[in-house]
Amino acid sequence: ETAAAHPAAVAIHFEGEKTTYQELEARSNQFAHYLIENGIHRGDIVGLALERSSYLPVVILGILKAGGIFQPLDPSYPLQRINYILRDGGAKKLITFAENNFETPTETVYIEEIIPRLNEYSPSLPNVERSSNDLIYILHTSGSTGKPKGVEITHKNVVNLLLSMQHAPGLARNDRLLSITSISFDIFYLELFLPLITGATMYMVNSADTKDAREVISCVQKENITVLQTTPSVWNSILEIAGSAPLPLKAICGGEALSKDLARKLLTKVNELW
């Protein structure tokens, strides 16, 4: 719906590469047709071990449009953990980059081999029956108290969160949201889907830069970022490096307890703190 209303708006911005809503809609539809042709049906689980790239949103949306369920895996995970999660979830396929070279029994497809072939497929939305009760993704816990547990999230769970967050803290079409969260954490999917249902722009920095507060601040300033969500520990790092420079954005803090001291410091820098 957003792509139809704002086709020329920039949906995804990654390292200078801009993807419009119209392009994202077409490419993700083509990717969905590829998956359907290659045996993915409604309710099938697809493992996802990809670095941050302009392809990542295409793949995620394509899995959903094929009726599938995505299972995110951080490519930096140990192979033993990746294989355990794939077995535990029952993934039918694993989508990754060829350089990862995972030794896994799950059927593996490499994104570099798929992307050049996408124009062979229709850019129209596949005719796949779906329900708000269907699963959208399965996210495994850290496993710090034992083996990782797969948490099942439905489409209506995610839609409920997105519509609530769109209202407050609030997101508008002219917003630019910076994503620095790993795909293995559920807040990444707020960073992806909230701009996409709003007509805003999601800015993604590469995986290395997400861990560098200097690069995060540079992107905020250079790209006029208006919304940034991260943890208290990362906000502390950002404040230390920002010095006296203002950070004129909507700051969202989650994942850990927010101390009063950090809140006071942030409120001297940002427009809003949630």
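Within segment 113-129, not a single residue is of a type in the set (S, T, N, Q), open to solvent by 90 Å² or more (accessible area, probe 1.4 Å) and at pLDDT below 90.
Residues in segment 130-169 that are loosely packed, with under 14 Cβ neighbours inside 10 Å and hydrophobic (A, V, I, L, M, F, W, C): 151, 163, 168.
When restricted to residues that are without any contact (Cβ under 8 Å) to a residue 12 or more places away in the chain and of a type in the set (Gly, Ala, Ser), segment 5-19 contains 1. Does segment 40-62 contain any residue that is more than 24 Å from residue 154 (Cα to Cα), open to solvent by 40 Å² or more (accessible area, probe 1.4 Å), over 21 Å from the mean Cα position of the chain (by Cα) and touching a residue at least 24 places away in the same chain (Cβ under 8 Å)? There is no residue in segment 40-62 that is more than 24 Å from residue 154 (Cα to Cα), open to solvent by 40 Å² or more (accessible area, probe 1.4 Å), over 21 Å from the mean Cα position of the chain (by Cα) and touching a residue at least 24 places away in the same chain (Cβ under 8 Å).
Close contacts from segment 224-245, counting a first residue that is in contact (Cβ under 8 Å) with a residue 12 or more places away in the chain and a second that is part of a helix (DSSP H, G or I) and open to solvent by less than 10 Å² (accessible area, probe 1.4 Å), with Cβ to Cβ under 6 Å and a gap of 6+ residues or different chains, come to 232/262.
Of the residues making up segment 97-109, at least one is on the phi > 0 side of the Ramachandran plot, without any contact (Cβ under 8 Å) to a residue 24 or more places away in the chain and either open to solvent by 50 Å² or more (accessible area, probe 1.4 Å) or of a type in the set (D, E, K, R) (or both).
Of the residues 8, 4, which single one is assigned to a loop (DSSP other than H, G, I, E, B), open to solvent by 50 Å² or more (accessible area, probe 1.4 Å) and either touching an Asp or Glu at 6+ places or on another chain (Cβ under 6 Å) or more than 20 Å from residue 153 (Cβ to Cβ) (or both)? Going through 8, 4 in turn, just one is assigned to a loop (DSSP other than H, G, I, E, B), open to solvent by 50 Å² or more (accessible area, probe 1.4 Å) and either touching an Asp or Glu at 6+ places or on another chain (Cβ under 6 Å) or more than 20 Å from residue 153 (Cβ to Cβ) (or both): 8. Screening residue 172 with (1) among the aliphatic types (A, V, I, L, M); (2) surrounded by 17 or more Cβ atoms within 10 Å (Cβ to Cβ); (3) assigned to a loop (DSSP other than H, G, I, E, B) gives one miss only, at (2).
The values are calculated or read from the model by the stated rules, or taken from the named source; none is laboratory data. Since this is a predicted model, take the numbers as computed values, not measurements. Every residue, glycine as well, gets a Cβ built from its backbone with ideal geometry; the counts of neighbours run over all protein chains shown. The protein model used for the area step is the full one, side chains on, heavy atoms only, and it has no ligands, DNA or RNA in it. Shrake-Rupley method; radii C 1.70, N 1.55, O 1.52, S 1.80 Å.
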